[in-house]
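Enquirer: Before I ask anything, let me first share the structure, which is written out below as structure tokens.
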There are 2 protein chains.
Amino acid sequence: MPRLGMEPLRRRALIDATLNAVGERGSLDVTMSEIAARAGVSSALAHHYFGAKDDLLFATMRHLLAELHREAVPALREAASPRERLDAVVAVSFSPAQFRAEIVGAWLAFYVAAQQAAPMRRLLRIYARRLHANLMAGLTPLLPRAQAAEVAEATAALIDGLYIRRALKEGEPDPVSAVALVRSYLDLRLGSQGGQA
Amino acid sequence: MPRLGMEPLRRRALIDATLNAVGERGSLDVTMSEIAARAGVSSALAHHYFGAKDDLLFATMRHLLAELHREAVPALREAASPRERLDAVVAVSFSPAQFRAEIVGAWLAFYVAAQQAAPMRRLLRIYARRLHANLMAGLTPLLPRAQAAEVAEATAALIDGLYIRRALKEGEPDPVSAVALVRSYLDLRLGSQGGQA
DNA sequence: TAATTTTGATTGACTCATCAATCAAGAAAA
DNA sequence: TTTTCTTGATTGATGAGTCAATCAAAATTA
């Protein structure tokens, strides 16, 4: 079996497996054996590549963040106006790739774990800062700074809230209505040049 | 030691201990021994009164829901107008008793656990339905039904979002600004007869 | 009232299962 | 043959749940 250059493939497979396992279960207490089995390898190999379980979980969370970033960068580059920038932030947050049940479940699990694990908390802080910065970039040209800050805070809370409600599946917010809801809030706040009545 | 009628006291102490432990740790994997120790009894006694660990956790979650309800009922009764009713819902959600770090941490932990445990999911559904009903009761006199539903959804998401952001402590939303933020949203949606500019 | 029985309250010690982490050894390339 | 992968088997720790035994208040009886 041992072909050369397996390392990157196995790392990737293990991270994907972790993501799926964590996302489905909605919690970080998945066993190394389960993760390894999903990736088609032994648990010993998972330890070989990642060291401790925590390291694998951390790497998985970082992967999640990286994916979000990878999707956000081009979307923001294409945005011509401040309002388009805001719409891009919202669109990415609820993109089909990001708003899937497993991904949302994984986010939630990491969110919780971050309360105890400092490294994860740091990662989450990066996400929060990026989101805030992106929102402010779109808002400050349109609103006085204090109002912009309030709207950014509310929008971020709205996004997080829709995520958590999505995690409690069973029919709750689909991507389309989630985007519509946040945009409708922005319309209202920005003087609704473009929203429905 | 065994005075008669210890049962209700012990049950209460164990539930409180569970709440504190879970809230501080922000996760349900606290040991029965730790909980029991906090309550000043042995782990065996916790099992004696509650059976399995799951049952104790479930009872604790139910307690949380009951406390929220107990606070909401009088507040809603005193509300004279629809708008006051809405304000009451918001006020209770962020009341000092509810918006404490441990309580919020516990809610988050239960939220996550509910993804796997059907009984907890059912409890959470009750909470969601109550919140929705209370919001709609305040909104339907003021808005067409479709809009009322959208505002209720957004408000609920906003509340949940502020909770989750609060859980990631470190300076995030204090009760006062959280209330202000949600009310400001409602002002805007309802035509702001009574909010600040 | 004093002795006796009953019963709720409580625990320490034990069992059993689970799981992360390690390690020595094996198989396939190079 | 050396290096890169890979695993089965093992270990050590932890934690849920059980059980037999103890303790002391309350109820009963004499």
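The values are calculated or read from the model by the stated rules, or taken from the named source; none is laboratory data. As the structure is a prediction and not an experimental result, all values here were calculated from the model. So basically every Cβ, Gly included, is an ideal-geometry build from the backbone, and we count neighbours across all protein chains shown. These area figures cover heavy atoms from the full protein model, side chains too; ligands, DNA and RNA do not enter into them. Shrake-Rupley method; radii C 1.70, N 1.55, O 1.52, S 1.80 Å.
Enquirer: Given (1) more than 14 Å from DNA strand C (Cβ to nearest atom); (2) surrounded by 16 or more Cβ atoms within 10 Å (Cβ to Cβ); (3) small (G, A, S); (4) under 30 Å from A:A178 (Cα atoms), where does A:A66 come up short, assuming only one miss?
Expert: Every condition holds for A:A66 apart from (2).
Enquirer: Right, next: Just to check your reading of the model, which residue among B:A75, B:A52, B:A118 is closer than 25 Å to B:P173 by Cβ and aliphatic (A, V, I, L, M)? Working first, answer last.
Expert: Numbers: B:A52 fails: closer than 25 Å to B:P173 by Cβ; B:A118 fails: closer than 25 Å to B:P173 by Cβ.
That would be B:A75, the only listed residue that is closer than 25 Å to B:P173 by Cβ and aliphatic (A, V, I, L, M).
Enquirer: Need at least 2 residues that are open to solvent by 60 Å² or more (accessible area, probe 1.4 Å) and more than 10 Å from every other protein chain (Cβ to nearest Cβ) per element, so show me which helices (runs of 4 or more DSSP H) inside segment B:83-197 make the cut, counting only ones lying wholly within it.
Expert: Details: elements: B:101-113, B:118-139, B:145-167, B:175-190.
Where helices (runs of 4 or more DSSP H) fall fully within segment B:83-197 and carry at least 2 residues being open to solvent by 60 Å² or more (accessible area, probe 1.4 Å) and more than 10 Å from every other protein chain (Cβ to nearest Cβ), they are B:118-139, B:145-167, B:175-190.
Enquirer: If you go through segment A:19-34 one residue at a time, do you hit one that is outside any helix (DSSP H, G or I), of a type outside the set (S, T, N, Q) and open to solvent by less than 20 Å² (accessible area, probe 1.4 Å)?
Expert: So in segment A:19-34, the residues outside any helix (DSSP H, G or I) come out as A:26-31.
Cutting the leftovers down to of a type outside the set (S, T, N, Q) gives us A:26, A:28-30.
Subsequent filtering for residues that are open to solvent by less than 20 Å² (accessible area, probe 1.4 Å) retains A:26, A:30.
Looking through segment A:19-34, at least one residue is outside any helix (DSSP H, G or I), of a type outside the set (S, T, N, Q) and open to solvent by less than 20 Å² (accessible area, probe 1.4 Å).
Enquirer: Related question: Please go through segment B:42-69 and pick out each residue that is among the aliphatic types (A, V, I, L, M) and within 12 Å of DNA strand D (Cβ to nearest atom).
Expert: From segment B:42-69, those among the aliphatic types (A, V, I, L, M) are B:44-46, B:52, B:56-57, B:59, B:61, B:64-66, B:68; that's our starting set.
Those that are among the aliphatic types (A, V, I, L, M) and within 12 Å of DNA strand D (Cβ to nearest atom): B:A44, B:L45, B:A46, B:A52, B:L56, B:L57.
Here's the yes/no breakdown for (1) out of contact with any Phe, Trp or Tyr (no Cβ under 8 Å at 6 or more places or on another chain); (2) at pLDDT below 95:
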{"residue": "B:A114", "(1), (2)": "yes, yes"}
{"residue": "B:L124", "(1), (2)": "no, yes"}
{"residue": "B:H132", "(1), (2)": "yes, no"}
{"residue": "B:M136", "(1), (2)": "yes, no"}
{"residue": "B:P141", "(1), (2)": "yes, no"}
{"residue": "B:P144", "(1), (2)": "yes, no"}
{"residue": "B:A167", "(1), (2)": "no, yes"}
{"residue": "B:V179", "(1), (2)": "no, no"}
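Enquirer: Could you please find all residues in segment A:37-56 being more than 21 Å from A:A113 (Cα to Cα) and touching a Leu at 6+ places or on another chain (Cβ under 7 Å)? Working first, answer last.
Expert: Filtering segment A:37-56 for residues more than 21 Å from A:A113 (Cα to Cα) gives A:37-45, A:48-49.
Selection gives A:A39, A:Y49.
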